[in-house]
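J.: Handing you a structure now.
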Amino acid sequence: MTMVEDLGRLSKRSGPQSSSLQDGSRIAVVGAGPAGSLFSYFLLNMAEAVSLDIGVDLFEPRHFCHRGPAGCNHCGGIVSESLVQRLATEGIMLPDGVVQRGIESYTLHMDVGDVEIETPLAEKRIAAIYRGNGPRNSEPLDTHSFDGYLLELAQEKGANLVPRLVTGVRREDNRMRVTCADQYCNDYDLAVIATGVNSRLVESLEDESREFRRPGRTKTFICEFLLGRDVIRDTFGPSMHVFFLDIPRLKFAALIPKGDYVTLCLLGKDIDDELMQQFFSSPEVMNCFPKGTVPSHVCHCYPRINIDAANPAYSDRLVMIGDSGTTRLFKDGIGASYRTAKAAARTVVFHGTGAEDFEKYYAPTCRAISKDNQVGKVVFGFGSLIQKSRFARRGVLRMTANEQKNANGSRRMSEVLWDLFSGSASYTDVFLRTLHPAYIGSLLWNLVAGNSPSASSRNGHGRGQECDRVEH
Amino acid sequence: MARLGKQYSDGDVIFREGDTGTCMFVIQKGEVEVFVESDGHELILRKIGANDFFGEMALFEHETRTASARAVGPTHVLTIDKKNFLAGVHEDPSLAFRIVKTMSHRIRNLTDRLAKYEEDI
Ligand SMILES: Cc1cc2nc3c(=O)[nH]c(=O)nc-3n(C[C@H](O)[C@H](O)[C@H](O)COP(=O)(O)OP(=O)(O)OC[C@H]3O[C@@H](n4cnc5c(N)ncnc54)[C@H](O)[C@@H]3O)c2cc1C
């Protein structure tokens with residue numbers, strides 16, 4: 001029976017079986033992005049704790065030591081505040097060579113002005129990293145790839161790296177057969193799919209079946225600008241620059257400073273040339289760059305992003321983790337990879353590799369993420385309303401700027417924006433905070449005050465001369 | 001290349017005995033001394049280095065800090081919020097495993113020291 005037939009069988013709920021790992025069990029992990037490497041790391045760690053002797057083959061054709069697309073897993077490269085803390089609690093510290101820059105603040109750019117939101121603790125807890133070894137043609141520096149570092153951790157725990165492209169995963173006599181492009185073939189007690197959403201493998205699995213639905217995806221855009229360390233320090237500083245612009249289909253846009261480069265990330269629905277043109281020609285974006293000119297980029301890609309979970313994401317002896325399963329909507333995808341990878345590792349070590357084990361112990365983590373994404377859609381809906389209304393933008397700007405000026409006062413809007421941009425809190429948590437009467441009261445007051453005739457006359461000189469603008 | 005956390009210079013106090021704590025700390029680089037003061041004397045409880053954590057009792061109790069901590073040489077320290085930690089443990093109890101293991105080592109250490117102290121007197 002093929003894997004896809006099996007996935008279909010699961011969705012019809014026809015008696016999945018339970019099975020557990022034994023000494024000598026072999027596990028295939030397909031893909032060594034954050035999900036695959038962290039899964040292997042935690043699996044081997046937990047197996048060691050319960051004296052279980054298992055073997056892990058980690059399939060990954062990419063070399064993370066390469067610069068440019070060949071070594072890169074294409075993302076903005078922000079490791080969220082919550083993930084940095086959780087990894088540190090696990091004993092995983094990001095080495096200096098991996099962290100290109102510690103982010104200290106977010107600068108929100110809108111047509112009505114800019115405001116810098118500083119980290120609540122005056123501490124660098126957000127890391128800007130490269131997934132590979134830096135942009136195309138970059139100088140070889142003492143940088144280190146984030147994905148490469150996680151892969152090393154997995155290898156140190158005992159995972160065996162198999163540098164091959166997997167082309168097929170199918171069920172053979174109650175084991176999972178993994179085949180590769182070069183005809184390599186082996187059988188395993190468990191197959192873990194961690195290929196992300198930019199792989200042909202998940203696509204081909206769906207094409208074969210009407211039961212299995214691969215994750216929903218949309219096209220995004222990333223590029224790198226070479227500006228040099230000094231220019232970046234003087235223009236961008238240790239701040240991530242986020243844009244709230246009235247551009248249809250654009251959900252999130254950010255400029256992320258790293259070493260000698262600045263990474264631009266555009267997320268939304270099917271990012272295309274027209275949207276990019278609108279973005280690059282907006283004064284808010286141009287004014288971020290030296291002399292108000294957007295330079296040409298040195299490296300770019302159009303990776304896809306997961307916007308809807310795979311269904312189902314597990315079956316007997318098979319589980320999908322990270323982006324190939326479930327992830328957070330537009331935020332903290334690496335954090336979601338950590339969560340799903342660890343939940344899957346816990347399930348197979350302490351419970352079993354059957355569909356019912358995954359249903360009972362793995363699915364709750366996926367469901368929690370998906371449920372939070374539903375709230376996230378509402379939050380992004382509100383964001384779009386603000387994006388469309390200058391009236392609302394003035395209120396948001398005024399409230400945030402006043403909070404930033406008043407060091408000891410409450411910072412309700414700043415905290416909501418901080419957690420939304422950094423992905424540090426769940427969408428549900430952020431949403432509930434916006435329902436607090438004090439938040440609503442303050443926002444209403446700032447909407448009135450920010451749009452009053454006196455504020456308008458003070459604000460009426462165009463961008464950069466807002467009374468509420470915080471210089472940086 | 002960059003380092004995460006907050007930077008402290010040699011001798012900087014990170015927190016003091018009696019402070020109310022809502023977070024623990026993980027050392028990114030450098031060393032930290034945990035100490036108590038009594039009758040004007042300082043007793044160093046332990047000296048810890050990179051990847052070690054301290055101040056973890058604040059995550060589990062509402063009490064004030066029972067000891068002080070200060071940097072030994074240039075040190076980078078990352079703060080772990082109580083809320084983030086407890087949310088993580090709620091979803092994944094094994095997140096607390098490393099802390100429980102270290103706390104168990106520390107209790108064992110203190111018990112040994114206490115036994116030795118009782119023998120000496
Ligand atoms: C534009 C953009 C910006 C983003 N910015 C951020 C951000 O700033 N912070 C954040 O946390 N998240 C961000 N994300 C999300 C993040 O990139 C993903 O959530 C994360 O990479 C998922 O990790 P993964 O391990 O599941 O998959 P991936 O990172 O995609 O890794 C999959 C791995 O599998 C390998 N592979 C694929 N097919 C095969 C095969 N057939 N055989 C063997 N190996 C295979 C690939 O080579 C790759 O190494 C962003 C995403 C996009 C698109």
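The values are calculated or read from the model by the stated rules, or taken from the named source; none is laboratory data. These figures come from a predicted structure and were not determined experimentally. Cβ coordinates were reconstructed from backbone atoms using ideal geometry, including for glycine residues, and neighbour counts include every protein chain displayed. For accessibility, only protein heavy atoms count, side chains too; no ligands or nucleic acids. Shrake-Rupley method; radii C 1.70, N 1.55, O 1.52, S 1.80 Å.
J.: Name every residue in segment B:79-108 that is touching a residue at least 24 places away in the same chain (Cβ under 8 Å), in a helix (DSSP H, G or I) and under 22 Å from residue B:50 (Cα atoms), in order of residue number.
T.: Hits for segment B:79-108 are B:82, B:85, B:99, B:102, B:103, B:106.
J.: Can you give me the number of residues within segment A:105-127 that are within 14 Å of chain B (Cβ to nearest Cβ) and in contact with a Lys or Arg (Cβ under 6 Å, 6 or more places away or on another chain)? Before the answer, list the steps.
T.: Going residue by residue through segment A:105-127, those that are within 14 Å of chain B (Cβ to nearest Cβ) are A:118-127.
Adding the requirement that they be in contact with a Lys or Arg (Cβ under 6 Å, 6 or more places away or on another chain) leaves A:123.
Counting residues in segment A:105-127 that are within 14 Å of chain B (Cβ to nearest Cβ) and in contact with a Lys or Arg (Cβ under 6 Å, 6 or more places away or on another chain) gives 1.
J.: Any idea which of (1) within 14 Å of another protein chain (Cβ to nearest Cβ); (2) crowded, with 22+ Cβ neighbours inside 10 Å is the one residue A:358 doesn't satisfy?
T.: The single condition residue A:358 does not satisfy is (1).
J.: Take the residues in segment A:86-109 that are touching an Asp or Glu at 6+ places or on another chain (Cβ under 7 Å) and open to solvent by less than 10 Å² (accessible area, probe 1.4 Å), then tell me which one is nearest to residue B:81 (Cα to Cα).
T.: My answer is A:105.
J.: Just for segment A:320-336: of the residues that are more than 14 Å from every other protein chain (Cβ to nearest Cβ) and in contact with a Gly (Cβ under 7 Å, 6 or more places away or on another chain), which one is farthest from the ligand (Cβ to nearest atom)?
T.: Among residues in segment A:320-336 that are more than 14 Å from every other protein chain (Cβ to nearest Cβ) and in contact with a Gly (Cβ under 7 Å, 6 or more places away or on another chain), the one farthest from the ligand (Cβ to nearest atom) is A:329.
J.: Could you check, for segment B:79-86, whether at least one of its residues is of a type in the set (Ser, Thr, Tyr), more than 19 Å from residue B:11 (Cβ to Cβ) and open to solvent by less than 50 Å² (accessible area, probe 1.4 Å)?
T.: Checked against the condition, which is being of a type in the set (Ser, Thr, Tyr), more than 19 Å from residue B:11 (Cβ to Cβ) and open to solvent by less than 50 Å² (accessible area, probe 1.4 Å), segment B:79-86 yields at least one hit.
J.: Hey, another quick one. Do we have residue A:344 as more than 9 Å from the ligand (Cβ to nearest atom), surrounded by 20 or more Cβ atoms within 10 Å (Cβ to Cβ), of a type in the set (Gly, Ala, Ser) and in a helix (DSSP H, G or I) here? Before the answer, list the steps.
T.: Working: more than 9 Å from the ligand (Cβ to nearest atom): yes; surrounded by 20 or more Cβ atoms within 10 Å (Cβ to Cβ): yes; of a type in the set (Gly, Ala, Ser): yes; in a helix (DSSP H, G or I): yes.
Yes, satisfied.
J.: In this structure, is residue A:353 over 12 Å from the mean Cα position of the chain (by Cα), within 14 Å of chain B (Cβ to nearest Cβ) and either open to solvent by 10 Å² or more (accessible area, probe 1.4 Å) or at pLDDT 95 or above (or both)?
T.: Numbers: over 12 Å from the mean Cα position of the chain (by Cα): yes; within 14 Å of chain B (Cβ to nearest Cβ): no; either open to solvent by 10 Å² or more (accessible area, probe 1.4 Å) or at pLDDT 95 or above (or both): yes.
In short, no.
J.: For segment B:48-78: of the residues being in a strand (DSSP E or B) and under 30 Å from residue B:93 (Cβ atoms), which is most open to solvent (accessible area, probe 1.4 Å)?
T.: Narrowing segment B:48-78 to residues in a strand (DSSP E or B): B:48, B:53-54, B:64, B:68-78.
Now drop any that are not under 30 Å from residue B:93 (Cβ atoms), which leaves B:48, B:53-54, B:64, B:69, B:76-78.
Working: B:48: 13, B:53: 4, B:54: 2, B:64: 71, B:69: 0, B:76: 29, B:77: 1, B:78: 2 Å².
In this case the residue turns out to be B:64.
J.: Kindly indicate which of B:63, B:17 is more than 29 Å from residue A:129 (Cα to Cα), more than 14 Å from chain A (Cβ to nearest Cβ) and either at pLDDT below 90 or out of contact with any Ser or Thr (no Cβ under 8 Å at 6 or more places or on another chain) (or both).
T.: Details: B:17 fails: either at pLDDT below 90 or out of contact with any Ser or Thr (no Cβ under 8 Å at 6 or more places or on another chain) (or both).
Every option except B:63 fails the conditions.
J.: Those residues that are in contact (Cβ under 8 Å) with a residue 12 or more places away in the chain, more than 10 Å from the ligand (Cβ to nearest atom) and polar (S, T, N, Q), I need them from segment A:23-76; list them, please.
T.: A:25, A:40, A:45
J.: Checking the conditions here, which among B:33, B:42, B:17 is touching a strand residue (DSSP E or B) at 6+ places or on another chain (Cβ under 8 Å) and free of Cβ contacts under 8 Å to residues at least 12 places away in the same chain?
T.: Just one listed residue meets the conditions, B:42.
J.: Another question about this same structure. All but one of (1) within 29 Å of residue A:339 (Cβ to Cβ); (2) open to solvent by 50 Å² or more (accessible area, probe 1.4 Å); (3) aliphatic (A, V, I, L, M) hold for residue B:121; state the number of the condition that does not hold.
T.: Result: residue B:121 passes all but (1).
J.: Still on this model: So residue A:84 passes all but one of these: (1) modelled with pLDDT of 95 or more; (2) more than 14 Å from chain B (Cβ to nearest Cβ). Which condition number does it fail?
T.: Of everything listed in (1) modelled with pLDDT of 95 or more; (2) more than 14 Å from chain B (Cβ to nearest Cβ), residue A:84 misses just condition (2).
J.: Is it the case that some residue within segment A:133-152 is among the small types (Gly, Ala, Ser) and either closer than 24 Å to residue A:341 by Cα or without any contact (Cβ under 8 Å) to a residue 12 or more places away in the chain (or both)?
T.: Of all residues in segment A:133-152, those among the small types (Gly, Ala, Ser) come to A:134, A:138, A:145, A:148.
Narrowing the set further to residues that are either closer than 24 Å to residue A:341 by Cα or without any contact (Cβ under 8 Å) to a residue 12 or more places away in the chain (or both) leaves A:145, A:148.
There is at least one residue in segment A:133-152 that is among the small types (Gly, Ala, Ser) and either closer than 24 Å to residue A:341 by Cα or without any contact (Cβ under 8 Å) to a residue 12 or more places away in the chain (or both).
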